[in-house]
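Asks: Quick one: this structure, given as structure tokens, is what I'll be asking you about.
The values are calculated or read from the model by the stated rules, or taken from the named source; none is laboratory data. Keep in mind that what you see is a predicted model, and the values were worked out from it rather than measured. All Cβ positions, glycine included, derive from the backbone under ideal geometry; neighbour counts span all protein chains shown.
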């Protein structure tokens, strides 16, 4: 199992590329205040489309943390796939996977990627209107969401299978630097 609460000091300090970003490094994308860093599956995955569509709706609520999506494609890949899902989302391109590795994002087993739990989630995503596209990135990537406050991971969700994303409405808000459940 991947380590929890990754040490952000290990994360690459090089400038990042993407869309709707602040100038600078990945650390510059995180502050001030809480930031929800989302590592979806590959860009063509219907679970990515389903998760980001739900997150976009939830993130519009007052008090929801800033969201940064870290994907496995190039900035132009994100324009093609993510612009339709969430045009103003800050997206960081991580085609070499350095941020994914630093965050401990795991590769799923065949059962985690294609098993019965994933199949049930695929039906849910299809009913909600998500459609698969051309895979961009590792098709075995499991989804991860990290809530970062002041450079510390205070909450995380690590997908147990390919369709496992959190109930975005239950992502903790923060108070005094400590994670607390939403009201």
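Asks: Of the residues 68, 79, which single one is modelled with pLDDT of 95 or more and either more than 21 Å from residue 150 (Cα to Cα) or outside any loop (DSSP other than H, G, I, E, B) (or both)?
Replies: 68
Asks: For region 94-102, indicate whether the set of residues that are assigned to a helix (DSSP H, G or I) and closer than 15 Å to residue 48 by Cα is non-empty.
Replies: Within region 94-102, none of the residues are assigned to a helix (DSSP H, G or I) and closer than 15 Å to residue 48 by Cα.
Asks: Tell me, please, whether a residue that is surrounded by fewer than 14 Cβ atoms within 10 Å (Cβ to Cβ) and free of Cβ contacts under 8 Å to residues at least 60 places away in the same chain can be found in region 132-154.
Replies: For region 132-154, residues surrounded by fewer than 14 Cβ atoms within 10 Å (Cβ to Cβ) and free of Cβ contacts under 8 Å to residues at least 60 places away in the same chain: absent.
Asks: Shifting gears a bit: If I ask for residues that are in a loop (DSSP other than H, G, I, E, B), touching a strand residue (DSSP E or B) at 6+ places or on another chain (Cβ under 9 Å) and modelled with pLDDT under 85, which ones from region 163-178 would you list?
Replies: Within region 163-178, 172, 177 qualify.
Asks: Of the conditions (1) in contact (Cβ under 8 Å) with a residue 24 or more places away in the chain; (2) more than 20 Å from residue 173 (Cα to Cα); (3) surrounded by fewer than 20 Cβ atoms within 10 Å (Cβ to Cβ), residue 33 fails just one. Which one is it?
Replies: Single failed check for residue 33: (2).
Asks: Going by the structure shown, is residue 44 at pLDDT 90 or above, surrounded by 14 or more Cβ atoms within 10 Å (Cβ to Cβ) and either out of contact with any strand residue (DSSP E or B) (no Cβ under 8 Å at 6 or more places or on another chain) or in a loop (DSSP other than H, G, I, E, B) (or both)?
Replies: Against the criterion (at pLDDT 90 or above, surrounded by 14 or more Cβ atoms within 10 Å (Cβ to Cβ) and either out of contact with any strand residue (DSSP E or B) (no Cβ under 8 Å at 6 or more places or on another chain) or in a loop (DSSP other than H, G, I, E, B) (or both)), residue 44 does not qualify.
Asks: Separate question: Can you report the number of residues in region 122-162 which are at pLDDT 85 or above and touching a strand residue (DSSP E or B) at 6+ places or on another chain (Cβ under 8 Å)?
Replies: 18
Asks: Now for a separate question. Return a yes/no flag: does region 93-104 have any residue that is surrounded by 21 or more Cβ atoms within 10 Å (Cβ to Cβ), over 16 Å from residue 166 (Cβ atoms), modelled with pLDDT of 85 or more and more than 15 Å from the chain's Cα centre (by Cα).
Replies: Scanning region 93-104, I find no residue that is surrounded by 21 or more Cβ atoms within 10 Å (Cβ to Cβ), over 16 Å from residue 166 (Cβ atoms), modelled with pLDDT of 85 or more and more than 15 Å from the chain's Cα centre (by Cα), so the answer is no.
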